[in-house]
Amino acid sequence: MKITFTTVIIIVALVFRVNAQPQYVAKVEMGYIQYAYRLVMVDPGPNWKGNYLNSDNNGFGVNVMNGIAFGNRKGFVGIGLGYLNFEGVNGVSVFGDFEYLPLKTKLTPLLNVKFGYNHIWNQYEGGTGTMLSEFAFGLNYQLTPKLDIYLKTGMLFMQHSFLVPAFVGVKLR
């Protein structure tokens, strides 16, 4: 979490250093999260109650992000809060969100990275919390100068599992 905060501060400082005009941006996204496979194999001990997520735990997620766009709206740095539901196993996530749009056209590729923390209330007392890392790519379409929509997919690592998210989102400037 300290690394994410430090990275956000450094990027924001660099943005202001190059005299870019930052602009407030809000993003909302929702989508499906497909379980792929378990990353950690556990040697069961006396208090072991099972894996944090099981192969039948596909999920649904909703994320809300706030931040700043810079570099002629090509870059975005923000923080976000998410809700997760893996077929009855609920959770929350807090993360830093970094996005890059390489082209200035109406339809452009999108590169997105998220780092943070998530917590799910599973079979363990009090639930389990782990680091969250997401690497995604997709397409961004600028509907109006103030409104974009985007589709993305990629790789999500959390709860000792590898997952494949597919999200649709709206970006407001």
For region 20-72, give me the residue count where each residue is hydrophobic (A, V, I, L, M, F, W, C) and not in a strand (DSSP E or B). 7
I'd like the residue in region 93-103 that is in contact (Cβ under 8 Å) with a residue 12 or more places away in the chain and surrounded by fewer than 21 Cβ atoms within 10 Å (Cβ to Cβ) and, out of all such residues, is farthest from A166 (Cα to Cα). P102
Please determine, by comparing only the residues of region 22-56 that are modelled with pLDDT under 85 and surrounded by 12 or more Cβ atoms within 10 Å (Cβ to Cβ), which one is farthest from A69 (Cα to Cα). N54
Tabulated pairs, region 48-73, first on the phi > 0 side of the Ramachandran plot, second among the polar types (S, T, N, Q) and not in a loop (DSSP other than H, G, I, E, B), C-beta under 9 angstrom, 6+ apart or interchain: R73/Q23; R73/Q142
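Could we say that F135 is closer than 16 Å to S161 by Cα, free of Cβ contacts under 8 Å to residues at least 24 places away in the same chain and of a type outside the set (G, A, S) here? Working first, answer last.
Values: closer than 16 Å to S161 by Cα: yes; free of Cβ contacts under 8 Å to residues at least 24 places away in the same chain: yes; of a type outside the set (G, A, S): yes.
Yes.
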Please verify whether N90 is modelled with pLDDT under 90, over 16 Å from the mean Cα position of the chain (by Cα) and either surrounded by 16 or more Cβ atoms within 10 Å (Cβ to Cβ) or not in a loop (DSSP other than H, G, I, E, B) (or both), treating the condition exactly as stated. no
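When you look at F157, is it over 24 Å from Q23 (Cβ atoms) and at pLDDT 95 or above, yes or no?
Numbers: over 24 Å from Q23 (Cβ atoms): yes; at pLDDT 95 or above: yes.
Here the answer is yes, as F157 does meet what is asked.
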Taking the condition of being free of Cβ contacts under 8 Å to residues at least 40 places away in the same chain, surrounded by 15 or more Cβ atoms within 10 Å (Cβ to Cβ) and part of a strand (DSSP E or B), how many residues in region 74-87 meet it? 2
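Which one of N112, N54, N122, N58 is more than 16 Å from the chain's Cα centre (by Cα) and under 16 Å from F167 (Cα atoms)? Lay out the reasoning, then the answer.
Details: N112 fails: more than 16 Å from the chain's Cα centre (by Cα); N54 fails: under 16 Å from F167 (Cα atoms); N122 fails: under 16 Å from F167 (Cα atoms).
Just a single option satisfies the conditions, and that option is N58.
The values are calculated or read from the model by the stated rules, or taken from the named source; none is laboratory data. Small disclaimer: the values here were computed from a predicted structure and weren't measured. All Cβ positions, glycine included, derive from the backbone under ideal geometry; neighbour counts span all protein chains shown.
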